[in-house]
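Visitor: Let me give you the structure first, and then I'll get to my questions.
The values are calculated or read from the model by the stated rules, or taken from the named source; none is laboratory data. Quick caveat, the model's predicted, so the values are computed rather than measured. Please note: Cβ atoms are built from the backbone with ideal geometry, for glycine as well, and neighbour counts cover all protein chains shown.
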């Protein structure tokens, strides 16, 4: 491999490392978001459970119960970000091997 292509690979390696850092920041933000939403959901769920049965079965109770379900869906979506298979190490390893 000539020097020019090695330099181009070095640029790609730099970009891959930047992507990895950005992804790590996204995962950390998603974990924080998930925790915040979970705290809200737990408070809403507790408030719902403390309502008399007659109110739980009414419009207000149904609205609160729906909110809990929607908050859980939001948590699931945020957690899905943290479980995405994203392996920049493999990209970096392949680029480094190509330089040899």
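Visitor: Determine if segment 38-46 includes at least one residue that is in contact (Cβ under 8 Å) with a residue 40 or more places away in the chain, surrounded by 14 or more Cβ atoms within 10 Å (Cβ to Cβ) and within 30 Å of residue 88 (Cβ to Cβ). Before the answer, list the steps.
Guide: The first filter runs over segment 38-46 and keeps only residues in contact (Cβ under 8 Å) with a residue 40 or more places away in the chain, leaving none.
So far as segment 38-46 goes, no, none of its residues is in contact (Cβ under 8 Å) with a residue 40 or more places away in the chain, surrounded by 14 or more Cβ atoms within 10 Å (Cβ to Cβ) and within 30 Å of residue 88 (Cβ to Cβ).
Visitor: Can residue 20 be described as at pLDDT below 95, exposed (fewer than 13 other Cβ atoms within 10 Å of the Cβ) and either assigned to a helix (DSSP H, G or I) or touching a strand residue (DSSP E or B) at 6+ places or on another chain (Cβ under 7 Å) (or both)?
Guide: Details: at pLDDT below 95: yes; exposed (fewer than 13 other Cβ atoms within 10 Å of the Cβ): no; either assigned to a helix (DSSP H, G or I) or touching a strand residue (DSSP E or B) at 6+ places or on another chain (Cβ under 7 Å) (or both): yes.
It is false that residue 20 is at pLDDT below 95, exposed (fewer than 13 other Cβ atoms within 10 Å of the Cβ) and either assigned to a helix (DSSP H, G or I) or touching a strand residue (DSSP E or B) at 6+ places or on another chain (Cβ under 7 Å) (or both).
Visitor: To continue, here is another question. So how many residues does segment 48-62 have that are free of Cβ contacts under 8 Å to residues at least 12 places away in the same chain and either closer than 24 Å to residue 94 by Cα or assigned to a helix (DSSP H, G or I) (or both)?
Guide: Final tally of qualifying residues: 8.
Visitor: Of 36, 45, which residue is part of a helix (DSSP H, G or I), modelled with pLDDT of 95 or more, touching a helix residue (DSSP H, G or I) at 6+ places or on another chain (Cβ under 7 Å) and farther than 30 Å from residue 6 by Cβ?
Guide: So the residue among 36, 45 that is part of a helix (DSSP H, G or I), modelled with pLDDT of 95 or more, touching a helix residue (DSSP H, G or I) at 6+ places or on another chain (Cβ under 7 Å) and farther than 30 Å from residue 6 by Cβ is 45.
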